[in-house]
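Below is one structure, written out as structure tokens; comments come after it.
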Amino acid sequence: MTPRERVLAAMRREPVDTVPLMCQMSIGHMLQQYRCSPADFWHDVDTFADGLVRLRELYGFDGILVSLHGHDPSWRGGIASRRMTEEYEEIVWKNGDATHYLFDDLPEHIAARPRELPPVGEVSRNDLPAALDVIPVSQGLKFFIHPAHRFDIFRTLHDRTGGMYSLHGEITSPFDYYLDFVGYQEGLIGMIDAPETVAMIMGHYAELIEELAVAMCGEGIDAIKVSSPYAGSSFISPEFYAAFVLPHEGRIARAVRAQGTEIYTHTCGAVNDRLELMFDAGVSGIECLDPEPLGDVDLADAFRRIGHRGFIKGNIDSVTVLLQGTETEIEADVRRRIETGRAHPGFILSTACSIAPRVKREHVRLLRTLVDRYGGT
């Protein structure tokens, strides 16, 4: 089987020749291994694509996850000044904002003027964006989507890889857009105080995300990952998950699967109390399933409970095992996960969450060796 055929078969819970290997990488880890200007890696489509291709080659992954899309080819025109320090690359933008592009983590954005966040109960549909023009990356950091270049990255990667590897796009949950729009504290309180308004806001974003996702399906990708990091038990209860997250992610999942594209949910941390609920959205699979101590999911138990409903992608601890473990400890841990997963249809070996920035490349390369040694079915 080709790497792409292997991942596709696993996502469809069909027989594979060996366990597929496909990890997502943090921006920090990619920058540590692919040395370049961090601002160029973030904004320049060719630099970003080259990094994804070279790191896939380095680690022998069966697929590539594209976490950023919509690169603006004229992004340099917005720069007022640019300088490199020992800690980061700084860009001051013509609008007065500044961004510090770290060499081992996500950028830090400093707005010239703090954004005023509206009380949830006062938000109307007219306050919401008419088009989806940003990816809410983390804590106020945004990646702007150029409307005329939304999917250039996929076309570039198709040209570079020739369809040999499974290519996955990424969208962000309506729950994340909601929290980004009203603020995290206000957003969580609003779910109690103004549930109807919250549903309206999330429904609006779901509509915009659905359009983006369906259009993305036309770019020859095999799957779409729904990034939904705030939907774990550390933030909301299963009841709130069912009420506020599930309906909107379910709408998007149904639209994507109607295009013949697979879709899977990524939720970090403790999700053991909502594994079944996550599949109630109608997704093809789920990923992360962080084990203890980062989360609370046991892989064998997860297969017993939800393995018949779709594929499972996970669940190596990127910190305790890959970052802090010895090669002997890594082999023992990863071998257990391979042997558990290969006994069931629909398993893709991956780190539970992103490969942490400071994980040694030798530790990541070891995963390919272990799959080749233990993953045959």
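For the range 347-369, how many residues meet the condition of being outside any strand (DSSP E or B) and either crowded, with 23+ Cβ neighbours inside 10 Å or of a type in the set (Val, Ile, Thr) (or both)?
6
For residues that are in contact with a Leu (Cβ under 9 Å, 6 or more places away or on another chain) and of a type in the set (A, V, I, L, M), scanning just the range 47-71, find the one that is surrounded by the fewest Cβ atoms within 10 Å (Cβ to Cβ).
Of everything passing the filter in the range 47-71, 53 is surrounded by the fewest Cβ atoms within 10 Å (Cβ to Cβ).
For the range 231-283, what are the residues that are in contact with a helix residue (DSSP H, G or I) (Cβ under 6 Å, 6 or more places away or on another chain) and among the hydroxyl-bearing types (Ser, Thr, Tyr)?
233, 241, 261, 265, 267
So which residues in the range 65-94 are over 23 Å from residue 51 (Cα atoms) and either among the hydroxyl-bearing types (Ser, Thr, Tyr) or modelled with pLDDT under 95 (or both)?
81
For the range 72-104, what are the residues that are in contact (Cβ under 8 Å) with a residue 24 or more places away in the chain, touching a strand residue (DSSP E or B) at 6+ places or on another chain (Cβ under 9 Å) and surrounded by 15 or more Cβ atoms within 10 Å (Cβ to Cβ)?
Hits for the range 72-104 are 72, 75, 88, 89, 91, 99, 101, 102, 103.
Looking only at the range 280-333, count every residue that is among the hydroxyl-bearing types (Ser, Thr, Tyr) and more than 21 Å from the chain's Cα centre (by Cα) and tell me the total. Before you say what the answer is, go through the steps one by one.
First, pick out the residues of the range 280-333 that are among the hydroxyl-bearing types (Ser, Thr, Tyr): 284, 318, 320, 326, 328.
Still in the list and also more than 21 Å from the chain's Cα centre (by Cα): 326, 328.
Looking only at that region, the number is 2.
Evaluate the following for residue 230: is it under 18 Å from residue 247 (Cβ atoms) and either at pLDDT 95 or above or among the basic types (Lys, Arg) (or both)?
Working: under 18 Å from residue 247 (Cβ atoms): yes; either at pLDDT 95 or above or among the basic types (Lys, Arg) (or both): no.
Taking the combined requirement at face value, the residue does not satisfy it.
The values are calculated or read from the model by the stated rules, or taken from the named source; none is laboratory data. Quick caveat, the model's predicted, so the values are computed rather than measured. A quick note on method: Cβ atoms are made from the backbone with ideal geometry, for glycine too, and the neighbour counts reach across all protein chains shown.
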